[in-house]
Amino acid sequence: MPTFVYMTRCDGCGQCVDICPSDIMHIDKTLRRAYNIEPNMCWECYSCVKACPHHAIDVRGYADFAPLGHSVRVHRDEEKGTIAWRIKFRNGKKDFDLLAPITTKPWGTCIPQLANEAAPADSMRDTQLLYNEPKYVAMNDNALMTLESNGLEIKEGVYY
Amino acid sequence: MGYKTIIEDDIDILVAGAGLGGTGAAFEARYWGKNKKIVIAEKANIDRSGAVAQGLYAINCYMGTRFGENNPEDHVRYARIDLMGMVREDLAFDMARHVDSAVHQFEEWGLPIMRNEKTGAYLREGRWQIMIHGESYKPIVAEAAKNSADKVFNRVCVTHLLMDESKENRVAGAVGFNVRTGNYHVFKSKTVICGAGGASNIFKPRSVGEGAGRVWYAPWSSGSAYGLMIEAGAKMTQMENRIVLARFKDGYGPVGAYFLHLKTYTQNAYGEEYESKWFPALQEMVGKEYLDPEASHATHRPIPTCLRNHAIINEVNAGRGPIHMVTMEAFQDPHLEEIGWHNFLGMTVGQAVLWAATDVDPKYENPELTTSEPYVMGSHATGCGAWCSGPEDVSPDEYFWGYNRMTTIEGLFGAGDAVGGTPHAFSSGSFTEGRLAAKAACKYIDDGKANGIIVTDAQISRRKEEIYKPLETYTVGRNEIVAGSVNPNYINPRQGLDRLQKLMDEYCGGFGVNYMTNDKLLSIGLKKMAILGEDLEKVAASDIHELLRAWELKHRFLTSEAVFQHTMFRKETRWPGYYYRGDAMKVDDENWHVLTVSRRDPKTGEYTMEKAPLYHLVGDIEDKDLAKLKAEGHH
Ligand SMILES: Cc1cc2nc3c(=O)[nH]c(=O)nc-3n(C[C@H](O)[C@H](O)[C@H](O)COP(=O)(O)OP(=O)(O)OC[C@H]3O[C@@H](n4cnc5c(N)ncnc54)[C@H](O)[C@@H]3O)c2cc1C
Ligand code: SF4
Ligand code: SF4
């Protein structure tokens with residue numbers, strides 16, 4: 001569903017412009033506020049909606065099949081590691097909140113800097129193992145599977 | 001035109017397109033290439049780019065070997081039956097044996113994976129899928145890539161690969177332009193890992209007007225992985241194998257968790273089960289080895305996804321549509337109801353918006369399903385992409401030329417949608433393939449295979465001229481008319497896209513013709529494609545944003561042409577439900593139990609097609625199922 005921007009809330013900070021994967025949030029040169037320049041290339045992925053610090057972006061269901069009068073709002077909180085949704089039906093019968101975690105760890109701390117890891121031995125390069133393997137394949141010391149280790153062999157027979 | 005040329009030199013590994021495949025590649029490359037220069041060129045912002053930009057609610061490929069659930073060869077069997085035989089089993093096995101290690105890392109990085117409280121294993125949606133709270137899946141893997149890369153160029157659309165001028169058929173980097181500044185970017189690199197993703201929007205979508213962006217695969221999936229590789233002369237495989245998805249109507253909301261976890265089921269407009277009705281005739285068409293509901297029931301062997309589509313398409317054509325998903329039972333359980341909604345919010349928000357807008361509450365009303373327009377991609381339940389080398393310890397000779405996931409162009413590797421013949425990799429498998437490609441690329445460099453690369457200034461400036469030509473065309477043609485978008489000298493990217501989609505739909509088996517085509521339609525279509533190709537030389541861009549759309553269109557065009565060529569070549573209906581060749585309705589295992597491979601000559605644009613052998617690496621039936629079948633007297 002295409003996005004639109006509330007004039008009074010937007011301050012033209014450009015965060016939505018920076019994030020939109022479709023390159024369609026642009027700053028209007030006269031008004032200095034953001035808007036969606038190509039609604040028919042919008043996926044309603046909500047990336048811009050989540051990124052806007054002022055909750056200035058909203059979504060209106062596609063004109064070709066969605067009637068007016070509904071709303072699906074979102075608040076993504078990186079610090080708390082949660083995302084909150086509020087869905088309101090057009091007929092007013094349903095109005096509910098849903099909450100989900102987005103991460104279980106503090107941002108930016110738990111992903112290894114591979115540059116700091118010990119370099120792999122040269123012999124490792126000729127194996128089929130990736131970083132962390134075989135330990136991480138099964139989270140113990142099991143070896144990586146090969147056709148042989150799984151008791152398989154290439155089946156004879158080529159089909160043309 | 002005053003745009004600067006920015007050259008990034010001495011790159012070892014260039015990751016072109018950093019979705020799930022590209023982020024996996026950049027991450028792993030740092031481990032095997034400590035002192036190597038790793039650079040990412042991404043047309044959007046790596047934090048939210050690619051098919052996982054919205055997030056996902058499930059990881060669709062996880063073996064669970066650690067929990068004694070499945071082994072890699074089980075997954076190979078599954079992918080093989082789902083694709084009616086046509087799978088590169090070496091690549092599929094290789095991905096499957098590594099994929100769990102990627103998923104375990106995701107969990108350590110903070111991705112919330114749900115657990116089955118009874119068993120302690122991950123909560124399964126189905127045999128291969130596990131459930132996650134994946135709203136931040138992409139930002140998390142992006143962080144891993146950013147930690148590893150020397151430089152990330154966001155908003156650089158890669159348009160062409162650079163080719164070595166000292167050795168034929170060897171890659172030398174890539175070029176593109178910055179979508180914000182307009183600057184010309186040259187990346188001179190020893191290897192390129194192409195992760196630029198599959199193709200939406202090459203067939204006419206069901207949505208119209210303002211809604212045209214509401215497609216199933218993201219509208220920014222421009223088939224660039226294919227466009228870049230095809231243009232450079234890489235061999236491609238299985239490009240005829242487009243996918244049609246059964247999804248919730250209009251919003252394209254996913255059905256996986258509904259079927260598998262919520263245990264919902266479908267019925268026709270009159271509340272009847274319809275699927276089994278279509279299977280006897282279909283069995284005649286595809287043969288018992290691909291459709292045997294009895295055996296499937298006994299062994300839990302799934303019925304291929306395309307054949308289930310076939311039943312939906314036929315039931316609707318028989319006038320008993322729409323097909324409904326029966327949600328009213330499952331949704332009485334508040335926990336399952338919540339999961340149903342979260343499933344959309346985590347990956348297809350549009351479906352939630354649609355139901356809120358149209359007052360469809362699945363607790364009290366069974367929503368409609370429909371079949372989508374076709375898509376071309378290599379990581380979901382379909383296997384389009386480049387013909388790549390497999391791993392040394394598994395691949396037969398025809399599938400092995402030294403470096404895992406290397407295409408037929410030296411130094412050019414693929415990951416995710418880019419790799420052909422590896423369906424059912426999905427997000428985790430794409431990331432894993434990126435890791436495999438990165439390790440092999442490092443080895444390729446260390447083996448000295450990238451020595452002595454030459455790229456002349458002539459190649460660099462020729463590409464520059466080509467890239468900005470749409471802006472030039474616009475400037476020259478614009479002032480001949482008063483105003484508006486109708487011009488006798490050019491078409492704009494949207495007009496070109498509309499024409500491509502109409503052509504693909506009508507001649508190559510889109511939804512508008514019930515996914516049906518034949519040799520005559522295909523040859524007319526190819527003729528029209530050739531003329532569209534000529535007109536695309538005259539596509540005009542009024543600004544840099546339209547220049548992006550122009551190059552996306554050109555990549556989509558190259559992808560589409562390959563789809564046409566492959567569909568013409570495979571003279572059978574291998575995947576009824578995805579498309580039909582009216583002139584060759586039956587599955588023809590005698591002649592077509594093979595993989596199709598194409599190459600477009602970069603100089604002439606001519607296609608050559610060939611058949612490649614299909615090796616089955618693992619037996620048909622799992623041991624325990626075989627024993628069971630025997631006990632029941634089936635075999
Ligand atoms: C609606 C939907 C639901 C899905 N559900 C699931 C699911 O539940 N579970 C699951 O595991 N998988 C799911 N998938 C599949 C999964 O998302 C894909 O398999 C996976 O993302 C493919 O990875 P990729 O790297 O090949 O492509 P992508 O992740 O799409 O990455 C391609 C990247 O290349 C960039 N790019 C494109 N063109 C260029 C260019 N010219 N220059 C530079 N950069 C470029 C793009 O911006 C993007 O970042 C789903 C996909 C969709 C769309
Ligand atoms: S919803 Fe997504 S595609 Fe649409 S404008 Fe926002 S970021 Fe862009
Ligand atoms: S992020 Fe919000 S405030 Fe900033 S430009 Fe976009 S709409 Fe305006």
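The values are calculated or read from the model by the stated rules, or taken from the named source; none is laboratory data. Quick caveat, the model's predicted, so the values are computed rather than measured. Quick reminder, even Gly has a Cβ in these numbers, built from the backbone with ideal geometry, and neighbours come from all protein chains shown. Surface areas here come from the heavy atoms of the whole protein model, side chains and all, with no ligands, DNA or RNA. Shrake-Rupley method; radii C 1.70, N 1.55, O 1.52, S 1.80 Å.
Per-structure values
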read-out: Region B:180-202 - residue that is in a loop (DSSP other than H, G, I, E, B) and open to solvent by 10 Å² or more (accessible area, probe 1.4 Å) and, of those, farthest from ligand 2 (Cβ to nearest atom); value: B:Asn183
read-out: Close pairs (7 angstrom Cβ cut-off, 6 or more residues apart or separate chains): within 15 Å of B:Phe106 (Cα to Cα) in region B:57-82, within 16 Å of ligand 2 (Cβ to nearest atom) anywhere; value: B:Tyr57/B:Gly346; B:Tyr57/B:Met347
read-out: Contacts under 8 angstrom Cβ, first residue in region A:41-68 being over 24 Å from B:Ala199 (Cβ atoms), partner of a type in the set (Gly, Ala, Ser) and within 10 Å of ligand 3 (Cβ to nearest atom), 6 or more apart; value: A:Ala56/A:Ala34; A:Ile57/A:Ala34
read-out: Residue match in region A:8-19 (condition: more than 10 Å from ligand 3 (Cβ to nearest atom), at pLDDT 95 or above and open to solvent by 40 Å² or more (accessible area, probe 1.4 Å)); value: yes
read-out: Residue in region A:21-42 that is facing chain B (nearest Cβ under 7 Å), away from ligand 3 (no atom under 13 Å from the Cβ), surrounded by fewer than 18 Cβ atoms within 10 Å (Cβ to Cβ) and assigned to a loop (DSSP other than H, G, I, E, B) present; value: no
read-out: Subset of region B:466-510 that is touching a Ser or Thr at 6+ places or on another chain (Cβ under 7 Å) and in a helix (DSSP H, G or I) - its residue that is farthest from B:Pro576 (Cα to Cα); value: B:Tyr474
read-out: B:Ala357 being touching a Gly at 6+ places or on another chain (Cβ under 6 Å), free of Cβ contacts under 8 Å to residues at least 40 places away in the same chain and among the small types (Gly, Ala, Ser); value: yes
read-out: Residues being in contact with an Asp or Glu (Cβ under 8 Å, 6 or more places away or on another chain), part of a helix (DSSP H, G or I) and under 17 Å from B:Gly197 (Cβ atoms) - total across region B:120-175; value: 2
read-out: Any hit, region A:47-63, residues being on the phi > 0 side of the Ramachandran plot, more than 9 Å from chain B (Cβ to nearest Cβ) and at pLDDT 95 or above; value: yes
read-out: Test for B:Lys464: is it under 30 Å from the mean Cα position of the chain (by Cα) and under 30 Å from B:Thr23 (Cβ atoms); value: yes
read-out: Evaluation of B:Ile312 against (1) over 17 Å from B:Thr370 (Cβ atoms); (2) crowded, with 19+ Cβ neighbours inside 10 Å (one fails), failing number; value: (1)
read-out: Scope region B:203-242; condition in a helix (DSSP H, G or I) and at the interface with chain A (Cβ under 10 Å from one of its Cβ atoms); matching residues; value: B:Gly209, B:Glu210, B:Gly211, B:Ala212, B:Gly213
read-out: Qualifying positions in region B:267-297 - in contact (Cβ under 8 Å) with a residue 40 or more places away in the chain, open to solvent by less than 30 Å² (accessible area, probe 1.4 Å) and not in a helix (DSSP H, G or I); value: B:Asn268, B:Tyr274, B:Gly287, B:Tyr290
read-out: Region A:125-150 residues that are open to solvent by less than 50 Å² (accessible area, probe 1.4 Å), paired with ones that are modelled with pLDDT under 65 (beta carbon under 8 Å, 6 or more apart); value: A:Pro134/A:Asp141; A:Pro134/A:Asn142; A:Leu147/A:Glu153; A:Leu147/A:Ile154
read-out: So B:Arg88, is it of a type outside the set (Val, Ile, Thr), over 18 Å from B:Tyr57 (Cβ atoms), away from ligand 3 (no atom under 16 Å from the Cβ) and facing chain A (nearest Cβ under 9 Å); value: no
read-out: Residues that are open to solvent by 30 Å² or more (accessible area, probe 1.4 Å) and in a loop (DSSP other than H, G, I, E, B), drawn from region A:79-93; value: A:Glu79, A:Lys80, A:Arg90, A:Asn91, A:Gly92, A:Lys93
read-out: Residue count, region B:150-179 (criterion: under 30 Å from B:Ala102 (Cα atoms) and either among the aromatic types (Phe, Trp, Tyr) or open to solvent by 20 Å² or more (accessible area, probe 1.4 Å) (or both)); value: 5
read-out: Inter-residue pairs, beta-carbon under 9 Å, first under 14 Å from B:Ala44 (Cα atoms) and without any contact (Cβ under 8 Å) to a residue 12 or more places away in the chain and in region A:9-33, second open to solvent by 70 Å² or more (accessible area, probe 1.4 Å) and near ligand 3 (Cβ under 9 Å from one of its atoms), 6+ apart; value: A:His26/A:Tyr35
read-out: Flag if B:Tyr62 is open to solvent by less than 30 Å² (accessible area, probe 1.4 Å) and either more than 13 Å from chain A (Cβ to nearest Cβ) or part of a loop (DSSP other than H, G, I, E, B) (or both); value: yes
read-out: Matching residues, region B:10-47, being within 18 Å of A:Glu117 (Cβ to Cβ), open to solvent by 10 Å² or more (accessible area, probe 1.4 Å) and either of a type in the set (S, T, N, Q) or within 16 Å of ligand 1 (Cβ to nearest atom) (or both); value: B:Asn35
read-out: Enumeration of residues in region B:534-568 that are within 14 Å of chain A (Cβ to nearest Cβ) and not in a loop (DSSP other than H, G, I, E, B); value: B:Ile544, B:His545, B:Glu546, B:Leu547, B:Leu548, B:Arg549, B:Ala550, B:Trp551, B:Glu552, B:Leu553, B:Arg556
read-out: Qualifying positions in region B:364-398 - more than 9 Å from every other protein chain (Cβ to nearest Cβ) and charged (D, E, K, R); value: B:Glu365, B:Glu368, B:Glu373, B:Asp397
read-out: Those residues of region B:425-458 which are without any contact (Cβ under 8 Å) to a residue 60 or more places away in the chain and of a type outside the set (A, V, I, L, M, F, W, C), in sequence order; value: B:Asp446, B:Asp447, B:Gly448, B:Lys449, B:Asn451, B:Asp457
read-out: Of the criteria (1) more than 10 Å from chain B (Cβ to nearest Cβ); (2) open to solvent by 40 Å² or more (accessible area, probe 1.4 Å); (3) over 16 Å from B:Gly350 (Cβ atoms); (4) not aromatic (Phe, Trp, Tyr), which one A:Arg76 fails; value: (1)
read-out: Of the criteria (1) at pLDDT 70 or above; (2) within 7 Å of another protein chain (Cβ to nearest Cβ); (3) assigned to a loop (DSSP other than H, G, I, E, B); (4) surrounded by 12 or more Cβ atoms within 10 Å (Cβ to Cβ), which one A:Gly108 fails; value: (4)
read-out: Selection count, region B:514-533, where residues are surrounded by fewer than 20 Cβ atoms within 10 Å (Cβ to Cβ) and in a loop (DSSP other than H, G, I, E, B); value: 2
